[in-house]
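*Asks:* Next up is a structure, given as structure tokens.
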């Protein structure tokens, strides 16, 4: 390390990222991929500018000095944009090793055999399907971080997921789909995707698919909706989580001027958990972030009041708030950005049946394909499985539709919160880089816009 | 990547291919690449970070008795490559047999294109010009992120079927992302960007539609819902057109063809879009790889010729699986031919509708049905662009939208990977 560097100005990360992806379509293994990527990166903060450099992790680590020098030189090169007073970055230091105690990973043969077993079972049990897909994925990050403040840590993220999709035809012959995902910490050996575990889920998905054969279009416009837990988790992440990332706040997200003000029903509390929920490790446990900041929970909404934002060291300094451990980098060649970890709306007291019974005319929204939101908190989610609610009872299935609205308006309209919590970590959050996150929530009842006729 | 291999990618690929043959694979593909990138990043309207990264990748496909497995690694030292080959051997042995598995044969090409060395001073000058342009012409815009970068990739792909493909590509790119503010009010975020072969000759800010997007963003802080339900027309900007094309290209590829969900499975030779639409590949564009992932050298292809679907695009595997003709395509590099109607005339022809820059929606279904919120968009009444819109949704069917294109602009935006015009589409449901 250069002797010209003072404390808190340099972090160096060794990062290994391993993944497995297997996709079986109708018995054909169309994807059978294992990857490993290792890299060494350094980031320096000099005279108000950041410099970053990375290279493949060479045997023996001989490139460490060069990568650190490059990072420093890059930071200094930005001096051509003028002098800038350095921010007083908060002092942070974490020493520790994060371990994962999981089962022995499945072999490729074990995965292939189980996929074939599941496909054969589906083919026999659901002969009318047009297609069946099973996607397996796992992902393992190991990050060794050393900081010039004395931080020395090993952080691990290990997650796995199994997603299945049943494809059929509606009454007009058009393709329709229903999918389900199981996700968890660890490897594919730690998530139960055995036939015994999946059979009831497959049967339920097949029932939904049969209902979708005769699905009707939703009525467009403002509707009373019961959002099943996966949609509430998506709402937490996309619609309110992103506008509470401090870099978005500094940019002018509407949340910037709402701190301390009511932005949701008093029934709604929302937290970005660092590593523990209800005494158990979260699906994406972050004990220390990629700047070396010990991670802590961020309560963003407390009984309807906007109470906090998620920070890196830089945004914490800019907004004169404490750092929260939300600076995360996805790949070995990425610099840390402000990212969520395990974002959730906290559970309430109602059962799903009670919430449905309280709706005279509305919709139950069960599954979402993806979601987007922006700085105004206006969000859009694709809804891939939904039912009418008429007189407090479920009615006909609804064709794929879109849920949208202002998250603040929607959360203010919440009049019931479910008591069953659901966590999921199957996909990625996108924001310049990918990121592994989890999202959680109970069911919510609210008013929001549905796309339709 | 170990220093003894980075300057000799073909030799490394040859060595690994030989190692795979010795291990017992009866078919193999080896792709070795090295990437260098320099990137100047802006945060909150100020230069913030300069990045320089080097990464390597080796991708192996192994076939054994009709079984297939893939692996990727980032290191090319002997021990790492041994581990990759051994892991691949373990994976392939347990994969199911599938007669469609194969690797390319007889493909030969070598392509060098674009600037191979980064000019970091030029990157800084270009970004300073963008920042100055914003301050002068769109001062209410906050660039949450922006970047100007240069990428250089060298790659070599060999197969046991005798294919040998090499390329060295270099290009510059730029992206701006942000929102506009007026007091406590803010616009929706938006972004624009693209790739080019050089930064000299013309300012960066107007390229890729970036300046137009930033100025439109500044006009869209204060919004109103469209407030009524009706069936009307949209004028899609090239960014919105890209959403339609993304769905179309997906429907022509492997998965929907194999599982039978593609609505175009039997539509070759038929009218799949308006006769105003011609869509063809653009293989010489900056940043566009001239080879497919399964090691085929790409030939020019026309997908839509005045609305007629000319071919599907299954990979080698998809072709052998479905019996459809193999057509190798890349993920980027597409061009919709410009039309004969000036952009202003496209708008003038809309009695009731919207100018749409971004479609925020769930993934359209396999049938093409969608509904989505139109973002960064403006109302059109009697041919005049009015106020910016909020909470306005349109619904329709993407396949039908492609058929309902009623006018194509003469103007186009060139982002490198795409060259697209504005399109007017009739018959969308507003709510």
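Taken together, the values in this text are just the output of simple stated rules run on the coordinates, not laboratory data. Just so you know, these numbers come straight off a predicted model, no measurement behind them. Counting neighbours? That spans all protein chains shown, and the Cβs are built from the backbone with ideal geometry, glycine included.
*Asks:* Averaged across the residues of B:38-46, what count of C-beta atoms belonging to other chains lies within 10 Å of each residue's C-beta?
*Replies:* For peptide B:38-46, the averaged partner shielding equals 4.
*Asks:* Something else now. Once both labels are modelled 7 Å past Cα along the beta-carbon direction, what's the residue A:66-residue A:419 spacing in nm?
*Replies:* Output for this residue pair reads 6.2 nm.
*Asks:* Okay, moving on. Provide the three semi-axes, in whole Å and in decreasing order, of the ellipsoid equivalent to segment B:1-82 as defined by the square roots of 5 times the Cα gyration tensor eigenvalues.
*Replies:* Semi-axes from the Cα gyration tensor: 35, 15, 8 Å.
*Asks:* Output the antiparallel fraction of DSSP beta bridges having both residues in the protein assembly as shown, as a percent to the nearest 5.
*Replies:* Of all bridge pairs located within the protein assembly as shown, approximately 85 percent are antiparallel.
*Asks:* If you don't mind, there's one more thing I want to ask. Can you report the principal axis dimensions of segment A:10-212 using only the alpha carbons, biggest first, rounded to whole angstrom?
*Replies:* 68, 39, 28
*Asks:* Over its Cα atoms, what ratio of radius of gyration to 2.2 N^0.38 Å does chain A give?
*Replies:* 1.05
*Asks:* Work out Dmax and Rg for segment A:221-450 from the C-alpha atoms and quote the Rg first, both in angstrom.
*Replies:* Radius of gyration, then largest Cα-Cα span, for segment A:221-450: 17.1, 55 Å.
*Asks:* Quick one: angle between helix A:64-77 and the longest Cα principal axis of chain A, in degrees between 0 and 90, rounded to 10, please.
*Replies:* Around 90 degrees separate the two axes.
*Asks:* Taking the Cα-to-Cβ direction at residue A:317 and at residue B:184 and moving 7 Å from each Cα, how far apart do the two end points lie in nm?
*Replies:* Calculated label separation equals 3.1 nm.
*Asks:* Below 8 Å, C-alpha to C-alpha, sequence gap of six or more: please give me the relative contact order for chain A in percent.
*Replies:* Rounded, it is 17 percent for chain A.
*Asks:* Write down Rg/Rh for segment A:223-311, rounded to two decimals, with Rg from the C-alpha atoms and Rh from the Kirkwood relation over Cα pairs.
*Replies:* 0.98
*Asks:* At 20 °C and a viscosity of 1.002 mPa s, what translational diffusion coefficient does Stokes-Einstein give for segment B:35-126, taking Rh as the Kirkwood radius over Cα pairs? Give it in µm²/s as a whole number.
*Replies:* 124 µm²/s
*Asks:* Another question, if that's okay. Two-decimal Rg/Rh of segment B:292-431 from alpha-carbon positions, Kirkwood Rh? Write out the running numbers ahead of the final one.
*Replies:* Working: Rg = 17.6 Å, Rh = 17.2 Å.
Rounded to two decimals, Rg over Rh is 1.02.
*Asks:* Could the peptides B:382-389, A:242-249 be put in order, highest first, of the mean number of other beta-carbon atoms found within 10 Å of their residues?
*Replies:* A:242-249, B:382-389
*Asks:* Distance between the C-alpha centers of segment A:314-352 and segment A:154-206? Whole Å please.
*Replies:* Going from one Cα centre to the other spans 27 Å.
*Asks:* Classify segment A:157-290: rounded, prolate or oblate, from the alpha-carbon gyration tensor (a ≥ b ≥ c, eigenvalue square roots; a/c under 1.5 rounded; otherwise prolate if a/b is larger than b/c)?
*Replies:* It comes out oblate by the Cα gyration axes.
*Asks:* While we're here: Across the residues of A:48-57, average count of Cβ atoms on other protein chains within 10 Å?
*Replies:* If you average over the peptide's residues, the count of other-chain Cβ atoms is 6.
*Asks:* Go through B:343-350, B:308-315 and give me the packing order, highest mean Cβ count within 10 Å leading.
*Replies:* B:308-315, B:343-350
*Asks:* Would you mind checking the tilt of helix B:78-93 against the longest principal axis of the Cα atoms of chain B, expressed as 0 to 90 degrees and rounded to 10?
*Replies:* The angle comes out near 80 degrees.
*Asks:* With the alpha-carbon atoms as the only input, what is the per residue convex hull volume for chain B in Å³?
*Replies:* Hull volume over Cα atoms, normalised by residue count, gives 150 Å³.
*Asks:* From Cα pairs below 8 angstrom and at least 6 apart in sequence, can you work out the relative contact order of chain B, rounded to a whole percent?
*Replies:* Once divided by the residue count of chain B, the mean separation gives 15 percent.
*Asks:* Summarise the partner chain shielding of B:354-360 as one whole number: the mean count of Cβ atoms from other chains within 10 Å of each residue's Cβ. Show your work: numbers first, answer last.
*Replies:* On the way: counts 0, 0, 0, 0, 2, 2, 10.
Going residue by residue through B:354-360 and averaging, the value is 2.
*Asks:* What is segment B:165-304 by shape, rounded, prolate or oblate, if you read a ≥ b ≥ c off the alpha carbon gyration tensor as root eigenvalues and call it rounded for a/c under 1.5, prolate for a/b larger than b/c, and oblate otherwise?
*Replies:* Since a/c reaches 1.5 but b/c is at least a/b, the shape of segment B:165-304 is classed as oblate.
*Asks:* Taking the Cβ of each residue in B:261, B:331, A:404 as the centre, tally the other Cβ atoms inside 10 Å and list the residues starting with the fewest.
*Replies:* B:331, B:261, A:404
*Asks:* Using a 7 Å offset from the Cα along the Cα-to-Cβ direction at both residue B:119 and residue B:340, what is the distance between the two label points in nm, to one decimal?
*Replies:* For residue B:119 paired with residue B:340, the spin-label model returns 4.1 nm.
*Asks:* Roughly speaking, what is the centre-to-centre gap between segment B:191-234 and segment B:65-136 when only Cα atoms are used, to the nearest Å?
*Replies:* Taking the Cα centre of segment B:65-136 as reference, the centre of segment B:191-234 is 32 Å away.
*Asks:* Would you mind calculating the gained length between residue B:219 and residue B:109 on full extension (0.36 nm times residue separation, minus the Cα-Cα distance), in nm to one decimal?
*Replies:* Difference between extended and current length: 34.7 nm.
*Asks:* Using bins 20 angstrom wide from zero, how does P(r) for the protein assembly as shown break down, in % of all Cα pairs?
*Replies:* 14, 48, 36, 2
*Asks:* Nearest 10 degrees is fine. How inclined is helix B:238-251 to the longest principal axis of chain B, computing both from alpha carbons?
*Replies:* Taking Cα atoms only, the helix is inclined about 40 degrees.
*Asks:* Another question, then. Express in % the proportion of alpha carbon pairs of segment B:9-218 at distances exceeding 29 Å.
*Replies:* Distances greater than 29 Å cover 45 percent of the Cα pairs.
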